[in-house]
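Everything below concerns the one structure shown next.
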Amino acid sequence: MTNVFRQDVRFLDTSKNRLLLVGFISVYSLLFITIYDPFDLDEWGKSYYHQFVLIGAAIILFSQFVLRPLIKLHHLKIYSLILWSVLEVVFITISIFIIYNPLYMSLEEKVYEFYNTFKQVGLIIGVPYILFFWYMQLMQKLAYYKKEQQNPAPPLIDKANELLTITGENEKVVLAIKYHQLVYVKAAGNYLEIFYLKGEKLTMELVRASLKELQGKLKDASIVRTHRSYIVNVQHITSCKKTRKGFALSVQNATEESIPVSLGYKDDFEKALSLKVTH
């Protein structure tokens, strides 16, 4: 649950989308309070409706285009977006309360009016905020799927004789194995520990190379990088456990080795895993 609230909200990084947010909230709020007269707003007088919306729009514009850059809050996560929207509601409530509520009210009446105003502003603004968030998330997913269709993943290699040739220093071939033999690769300083199946036995070969170099030679989508220090063949995964930072994997013939999947490689890993399931 914590990981959900820590997800990035990138669509509010651009000025265009921030303006769209302000515009959508303003139009929605004006139409809603004009048509439905919710929460006893008619007690304040319908002539003030446009002013309430203008105040709200001005404060959200200020918070998104002045306050956020001022405190260097360039990127939001879900939890910070929630807190920021609550802060905007508080500022709007304070502004409306100061401008439109009479000074002669008792303290008890002021507390009640402030609470009532906060509730009304929150309920009116909260709905378009949620709708806009849902819409932008949907657009991002559609854009991602469209990109995936235009750039499909390389197919899983089924050719029994397809070889993965691994070279060391001076581009000399030090190991040539079939793709399905490769179990996982672990970085160890300037070397790679390459674990592969030789018959039914797990064998390790030490090669002077980098994961980046090896990754550039891979032609099988089932072999994927999961961490800055690991590459794994998803065909040999025997268990996959969810962790706070991603996943922890166990592989065939090496159950004592826990292979991490970090957040940076999580999407690529899940994509490779889905290809395994569908084949």
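The values are calculated or read from the model by the stated rules, or taken from the named source; none is laboratory data. Note that the coordinates shown come from a computational prediction; the quantities given were computed from them, not determined experimentally. Every residue, glycine as well, gets a Cβ built from its backbone with ideal geometry; the counts of neighbours run over all protein chains shown.
Data for the structure
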item	result
Residue pairs meeting the criteria (Cβ under 9 Å; at least 6 apart or on separate chains; first farther than 18 Å from residue 231 by Cα, in segment 190-204; second surrounded by 14 or more Cβ atoms within 10 Å (Cβ to Cβ))	198/177; 198/181; 200/253; 201/253
Matching residues, segment 37-61, being modelled with pLDDT of 90 or more and surrounded by 14 or more Cβ atoms within 10 Å (Cβ to Cβ)	53, 55, 56, 57, 58, 59, 60, 61
Any hit, segment 176-188, residues being over 30 Å from residue 144 (Cβ atoms), touching a helix residue (DSSP H, G or I) at 6+ places or on another chain (Cβ under 7 Å) and among the aliphatic types (A, V, I, L, M)	yes
Among the residues listed as 129, 135, the single one being in the same structural domain as residue 17 (by TED's automatic domain parsing), of a type in the set (Ser, Thr, Tyr) and under 30 Å from residue 271 (Cβ atoms)	135
Lone qualifier among 146, 141, 110 - being surrounded by 14 or more Cβ atoms within 10 Å (Cβ to Cβ) and among the basic types (Lys, Arg)	110
All positions within segment 162-179 that are farther than 16 Å from residue 223 by Cα and either within 36 Å of the chain's Cα centre (by Cα) or acidic (Asp, Glu) (or both)	169, 171
Some residue of segment 208-216 being of a type in the set (A, V, I, L, M) and in contact with a Lys or Arg (Cβ under 8 Å, 6 or more places away or on another chain)	yes
Test: residue in segment 180-190 that is outside the structural domain of residue 22 (by TED's automatic domain parsing), assigned to a loop (DSSP other than H, G, I, E, B), surrounded by fewer than 11 Cβ atoms within 10 Å (Cβ to Cβ) and polar (S, T, N, Q)	yes
Selection count, segment 226-264, where residues are surrounded by fewer than 20 Cβ atoms within 10 Å (Cβ to Cβ), modelled with pLDDT of 85 or more and outside any strand (DSSP E or B)	8
Test: residue in segment 210-230 that is of a type in the set (Lys, Arg), within 20 Å of the chain's Cα centre (by Cα) and farther than 30 Å from residue 170 by Cα	no
Tally, over segment 265-279, of residues that are loosely packed, with under 13 Cβ neighbours inside 10 Å and either in contact with a His (Cβ under 6 Å, 6 or more places away or on another chain) or of a type in the set (A, V, I, L, M) (or both)	1
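A quick yes/no check of all residues on (1) touching a strand residue (DSSP E or B) at 6+ places or on another chain (Cβ under 8 Å); (2) of a type in the set (Lys, Arg); (3) under 19 Å from residue 179 (Cβ atoms):
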residue: 225; (1), (2), (3): yes, yes, yes
residue: 228; (1), (2), (3): yes, yes, no
residue: 234; (1), (2), (3): yes, no, yes
residue: 237; (1), (2), (3): yes, no, yes
residue: 241; (1), (2), (3): yes, yes, no
residue: 254; (1), (2), (3): yes, no, yes
residue: 274; (1), (2), (3): no, no, yes
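Residue-wise test of (1) in a helix (DSSP H, G or I); (2) more than 29 Å from the chain's Cα centre (by Cα); (3) more than 25 Å from residue 21 (Cα to Cα).
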position: 85; (1), (2), (3): yes, no, no
position: 90; (1), (2), (3): yes, no, no
position: 109; (1), (2), (3): yes, yes, yes
position: 120; (1), (2), (3): yes, yes, no
position: 123; (1), (2), (3): yes, no, no
